[in-house]
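Novice: Below you'll find the structure I mean.
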């Protein structure tokens, strides 16, 4: 289940806004997460049903964030990547491309 933060962020972005901690705050008093404050000019606070409509997109965004984090570690450091690129150019090989393709195929996005 996607978090309220993710679904709210997607709602804001879908309405041409960006997340701003000074304009929205989320809270949980033990009965579940809710939007405590909302002060976006020209953008109405979303209803529960509007937030719920972002469940599928929120799940995908959160899953892809985990995949992105995994990819970042598997791509190796920029120094190691540059070494692969240099050797590929020098030797006419495709080590860097092959490495990137493997990281992507091992960690596909939704």
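Taken together, the values in this text are just the output of simple stated rules run on the coordinates, not laboratory data. Keep in mind that what you see is a predicted model, and the values were worked out from it rather than measured. Cβ placement follows ideal geometry from the backbone for every residue including glycine, while neighbour counts extend to all protein chains displayed.
Novice: Rg and Dmax of the chain over Cα atoms: what are they, in angstrom?
Specialist: Answer for the chain, Rg first and Dmax second: 20.1, 62 Å.
Novice: Another question, then. Taking the number of other C-beta atoms within 10 Å as the exposure measure, put 54, 40 in order starting with the fewest. Please report the intermediate quantities before stating the final value.
Specialist: Working: 54 21, 40 14.
Taking fewest neighbouring Cβ atoms as first place, the list is 40, 54.
Novice: If you line up the long axis of helix 78-91 against the longest principal axis of the chain, both from Cα atoms, how many degrees apart are they, to the nearest 10?
Specialist: 40 degrees
Novice: Hey, what angle do you get for helix 4-14 against the long axis of the chain, alpha-carbon based, 0 to 90 degrees rounded to 10?
Specialist: That works out to roughly 80 degrees.
Novice: Regarding region 56-110, what is the average projected area of its C-alpha convex hull, in nm²?
Specialist: Values: hull surface 15.3 nm².
Projected area, direction-averaged: 3.8 nm².
Novice: Find how many whole Å separate the alpha carbon centroid of region 52-79 from the alpha carbon centroid of region 1-46.
Specialist: Using only Cα atoms to place each centre, the spacing works out to 20 Å.
Novice: Gaussian network model of the chain, Cα springs within a sub-10 Å range: biggest mean-square fluctuation belongs to which of 13, 83, 62?
Specialist: Among 13, 83, 62, the largest mean-square fluctuation in the Gaussian network model of the chain belongs to 83.
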